[in-house]
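A.B. asks: I am attaching a structure below and will ask some questions about it afterwards.
The values are calculated or read from the model by the stated rules, or taken from the named source; none is laboratory data. This structure is a prediction, so every number in the text was calculated from the model and none was measured. Every residue, glycine as well, gets a Cβ built from its backbone with ideal geometry; the counts of neighbours run over all protein chains shown. To get the accessible areas, we keep the full protein, side chains included, count just its heavy atoms, and leave off ligands, DNA and RNA. Shrake-Rupley method; radii C 1.70, N 1.55, O 1.52, S 1.80 Å.
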Amino acid sequence: MKSLFAFLLLLFSLFTSAQMIKSGQWRGAIVYDSLQVPFIFEVGYPGGEVPEITIINGSDRRVISNAKVLGDSIIIPLDPFDVEIRAKYTAMGMTGVYKKYYRNLTIPFVADYGRARMSKNSVRSFAPIEDRWAITFSPGSSSMSAGVGLFKQRGYIVSGTIMTEVSDYRFFEGILDGDSIKISCFDGAHAFAFMGKRTDSGWSGQMIYGNGYSESWEANYDADAELKDPFEMVNVEPGTQKPYYDLLAAGEGKDAIDPTKYEGEVLIIQLFGTWCPNSHDQTQYLVNWYKKNRDRGVSILASSFEANYSQEYGLERLKKYRAVNEIEYDLVLGGKLSKTGAAMPFTFMQRIEAFPTLVILDKQGYVRYVHSYFNGPATGEYYRTFDRRFNQIIDALVAE
């Protein structure tokens, strides 16, 4: 009888384990028409039967603890963005879709167990890279723009980021393959691929953002490559400019903000979007900063500009965004995604350069600083430089 019970228990164990997604490393890919954008994720079960998903890009680890398994399917919410992966799984693979609800966009998704992020095809020795590149996107065109690549190399494995004046592209990872570089980033809201070849003078290639959305780039090594200082891109004469608070909360209607609550305080206004990974990076910074500084006579007011806009949608997104990020400062709905719309509360700006943007007010309610784009955690020393400068500014304003 005991042996029969043990046999049945074994069968039950085999059956139940067959229903679980295999633990370990998987290679996922967002499938565009021109190529797949690969990323690595790990599956584990630290709390029991619910899988914990960890998305890996270079040194970045994003843990997702609220995935749902329904029969042979898995739903992976990519909070705080209005995005998720839905897929059917087998012992060694997954097939499904990557859904961006805020864009009404559905893209194929596949995954394979145990595969590397990218495979090296060339038998030739790889072209080594140096850590800093001066990059030109869309060279020779009216939309030409500058970037700075910050890369690290370990053998033929490459990691790093690309900074631009609309914020950084977060954490890339990939390989050097002969005379080629192949790196990718998947942060939940975006899947990017940066592909290129070594040339006589440097590098050139394509940056792929999505189906039918790419641009060419050229680069060379430049140890002194820099972008404009985000604190210096907009100059404001002290004591001359105050925001229109009704426009900061235009998505909620008139009188949604009571400006008198900020009287006598240093006010940090964040212009952001819940769809934006750089905004999320900055939000996490502000959440942690505010917990330590809220009793110093400082306030934060974050105004959101949303894609796929309606008031109902926007307010629901803010409610979830607040909960996911544990935000304790003020959040309001600014309106529809628009760089000109986000600048309307500030008559000295025709448009903002990027989401997120910070506008810092002194105790008298006048604008003193504008921070036009964000160098996030992927940028290393630039992120630490922002932290130092931001705190110096707030310290000085609080002391006035």
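A.B. asks: Work out the count of Lys pairs in segment 57-141 where the Cα-Cα distance is under 22 Å, with the pair 8 or more places apart or on different chains.
C.D. replies: Working: K68/K88; K68/K99; K68/K100; K88/K99; K88/K100.
So the count works out to 5.
A.B. asks: I've got another one for you. Starting from the Cα of A127, step 7 Å along the direction of its Cβ; do the same at R296; then give the gap between the two resulting points in nm.
C.D. replies: Label at A127, label at R296, 4.7 nm between them.
A.B. asks: Right, here's the next one. Under a 1.4 Å probe, what is the accessible area of segment 254-397 per residue, stated in Å²?
C.D. replies: Values: 5910 Å² over 144 residues.
Normalised by residue count, the accessible surface of segment 254-397 is 41 Å².
A.B. asks: At what distance in nm do the modelled label points of F348 and E52 sit from each other, each positioned 7 Å from its Cα along Cα→Cβ?
C.D. replies: 4.8
A.B. asks: When the gyration tensor of segment 86-128 is built from Cα positions, what are the square roots of 5 times its three eigenvalues, in whole Å, from largest to smallest? Before the final figure, lay out each step's value.
C.D. replies: On the way: eigenvalues 182, 60, 7 Å².
Square roots of five times the eigenvalues give 30, 17, 6 Å.
A.B. asks: Right, something else. With +1 on each Lys and Arg Cβ and -1 on each Asp and Glu Cβ, how big is the dipole of the chain about its Cα centre, in debye rounded to the nearest 20?
C.D. replies: Working: 42 positive and 47 negative charges, 259 e Å.
It comes to approximately 1240 debye.
A.B. asks: In degrees, nearest 10, range 0 to 90: what is the angle between the Cα axis of helix 311-325 and the longest Cα principal axis of the chain?
C.D. replies: Taking Cα atoms only, the helix is inclined about 70 degrees.
A.B. asks: In addition: Going by alpha carbons, how many degrees (0 to 90, nearest 10) lie between the helix axis of 2-19 and the longest principal axis of the chain?
C.D. replies: So the helix axis and the longest Cα principal axis differ by about 50 degrees.
A.B. asks: For helix 381-399, report the angle its Cα long axis makes with the longest principal axis of the Cα atoms of the chain; keep it between 0 and 90° and round to the nearest 10°.
C.D. replies: 30
A.B. asks: Using a Förster distance of 35 Å, how high is the FRET efficiency between T240 and Y213, based on the Cβ-Cβ distance and rounded to 0.05? Could you put the intermediate results ahead of the total?
C.D. replies: Details: r = 40 Å, r/R0 = 1.14.
My answer for the efficiency is 0.30.
A.B. asks: Output the antiparallel fraction of DSSP beta bridges having both residues in the chain, as a percent to the nearest 5. Don't jump to the answer; show the numbers that get you there.
C.D. replies: Working: 103 of 117 bridges.
Looking only at bridges with both residues in the chain, the antiparallel portion is about 90 percent.
A.B. asks: Specify whether the C-alpha gyration tensor of the chain places it in the rounded, prolate or oblate class, a ≥ b ≥ c being the square roots of the eigenvalues: rounded for a/c under 1.5, otherwise prolate if a/b is larger than b/c and oblate if not.
C.D. replies: On the way: a/c = 2.16, a/b = 1.35, b/c = 1.60.
Verdict is oblate for the chain.
A.B. asks: Over the chain, what is the mean sequence separation of C-alpha contacts under 8 Å (at least six apart), divided by residue count, expressed as relative contact order in percent?
C.D. replies: After rounding, I find 14 percent.
A.B. asks: Moving to a separate point now. Given H placed 1.01 Å from N in the peptide plane, which residues other than close sequence neighbours of E252 have an amide H under 5 Å from its amide H?
C.D. replies: When sequence neighbours closer than 5 places are left aside, the close amide H contacts are L333.
A.B. asks: Over the chain, what percent of the accessible surface lies on carbon and sulfur atoms, probe 1.4 Å? Spell out each step's value before the answer.
C.D. replies: Working: 9620 of 18850 Å².
The computed percentage sits at 51.
A.B. asks: From the Cα gyration tensor of segment 90-231, with a ≥ b ≥ c the square roots of its eigenvalues, which class applies: rounded if a/c is under 1.5, or else prolate if a/b is larger than b/c, or else oblate? Don't skip to the answer; put the middle values down first.
C.D. replies: Numbers: a/c = 1.99, a/b = 1.24, b/c = 1.61.
Note, shape of segment 90-231 comes out oblate.
A.B. asks: Here is a further query. Between rounded, prolate and oblate, where does segment 274-335 land on the alpha carbon gyration tensor, with a ≥ b ≥ c its root eigenvalues, rounded for a/c under 1.5, else prolate if a/b exceeds b/c?
C.D. replies: Details: a/c = 2.31, a/b = 1.87, b/c = 1.24.
In terms of gyration-tensor shape, prolate.
A.B. asks: Let me ask something else about it. Counting heavy atoms of the protein chains only and a 1.4 Å probe, report the per residue accessible area for segment 41-115 as a whole number of Å². Don't skip to the answer; put the middle values down first.
C.D. replies: Working: 3580 Å² over 75 residues.
Solvent-accessible surface per residue comes out at 48 Å².
A.B. asks: Let me ask something additional. Could you give the nm distance between label points at T106 and D72, where each point is 7 Å from its Cα heading toward the beta carbon?
C.D. replies: Between T106 and D72, the simple spin-label model gives 1.9 nm.
A.B. asks: If the cut-off is a Cα-Cα distance under 29 Å, which lysines reach K242, setting aside same-chain residues fewer than 8 apart in sequence?
C.D. replies: Here the lysines satisfying the reach criterion relative to K242 are K228, K254, K261, K291, K292, K319, K336, K339, K363.
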